[in-house]
1. Evaluate E = 1/(1 + (r/R0)^6) for Arg67 and Arg205, where r is the Cβ-Cβ distance and R0 equals 30 Å; express this FRET efficiency to the nearest 0.05.
2. Starting with the fewest neighbours, write out Val12, Val148 ranked by other beta-carbon atoms found within 10 Å of each beta-carbon.
3. So for the range 1-94, considering every pair of alpha-carbon atoms, how many percent are separated by more than 16 Å?
4. What order do you get for Cys18, Cys49, Cys141 when you list them from fewest to most C-beta neighbours inside 10 Å?
5. Please report, largest first and rounded to whole Å, the three semi-axes of the ellipsoid equivalent to the range 7-227, where each semi-axis is the square root of five times an eigenvalue of the C-alpha gyration tensor.
6. Compute the relative contact order of the range 6-93 as a whole-number percentage, counting only Cα pairs closer than 8 Å that sit 6 or more residues apart in sequence.
7. Work out, in µm²/s and without decimals, the Stokes-Einstein translational diffusion coefficient of the range 26-148 at 4 °C, 1.567 mPa s, Rh from Kirkwood over C-alpha pairs.
8. So, by mean Cβ neighbours within 10 angstrom, what's the order for 20-33, 58-71, 88-101 with the highest one leading?
Amino acid sequence: MASAVRSVAIEVERKFLCLPSTSMVLQQNKGHPPFQTLRFLKQSSFADCYFDRQNLLTNRGIWVRKRDNLWQAKIRIAGDFQNSKFEEIQGRDQVFNLLQDLHISNPQPGGADFGLLPIAKFTSTRHTWQADEKFTIVIDCTNFGHTVGEVELQCQVDGQSVLEEKEELTHRMDQEIDSFMQKYAWAFPKGKAMGKLSAYFQQQRQSVQDEHEDGGHFKNKSGLHIAKENV
């Protein structure tokens, strides 16, 4: 991590399946036990464009995107696509420093997209709640018809914290989310949830007629290979 990064956000999230009734059931808060507190915070919309080049980032567990006009990077600390633990940075300069540290091509601060290529682009409408004064619950609906929910915890840490400290912190946060979702199991439908990127690439595989197969991997037009069993 670049020395210019003074603090970073640590985010732990668990996805949950969304049924047509999920948002209403959540909002009514009539399950047993009900949430101690539940506040609807906002509805928002945003456009995401994800970038990579020849899997140089995704193979390292790094996702670089531009959300509206803000550059962001999510760096996986642990977990998987269902239960994720990330370090997050944002801002063009910080993403540039990250790419320099990783020796990803030769990005120029003023260059277009740091020499990366777009691999996915979609918009989402998000409904956000805060439960028990601590847990963020979001439901995202994309413009390609996919809906998914997440329970999130986030905190700020020193950018120079060592990996072991971050892993210990995310483990505690993950345990908190697990206990929370078990306590209020009525609010979170059972079943495996698919993330937005996974759903996006799955839809590409189904709709693009000239798709290429390479050892069980799908190669999209920008050259990104995604292992079907891992997305």
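Throughout, read-outs are computed from the coordinates displayed, never taken from laboratory work. What you see is a predicted model, and the numbers here were worked out from it, not measured in a lab. We place every Cβ from the backbone using ideal geometry, glycine too, and count neighbours over all the protein chains shown.
1. On the way: r = 25 Å, r/R0 = 0.82.
Working from the Cβ atoms, E equals 0.75.
2. Numbers: Val12 26, Val148 20.
The order, fewest Cβ neighbours first, is Val148, Val12.
3. On the way: 3067 of 4371 pairs.
In whole percent, the share of Cα-Cα pairs in the range 1-94 beyond 16 Å is 70.
4. Values: Cys18 21, Cys49 15, Cys141 18.
By the 10 Å Cβ count, ascending, the order reads Cys49, Cys141, Cys18.
5. On the way: eigenvalues 184, 99, 50 Å².
Ellipsoid semi-axes (Å, largest first): 30, 22, 16.
6. Details: 102 pairs, mean separation 28.8, N = 88.
In percent, rounded to a whole number, it is 33.
7. Numbers: Rh = 16.5 Å.
The calculation lands on 79 µm²/s.
8. On the way: 20-33: 12.5, 58-71: 16.2, 88-101: 17.9.
Ranking the peptides 20-33, 58-71, 88-101 by packing returns 88-101, 58-71, 20-33.
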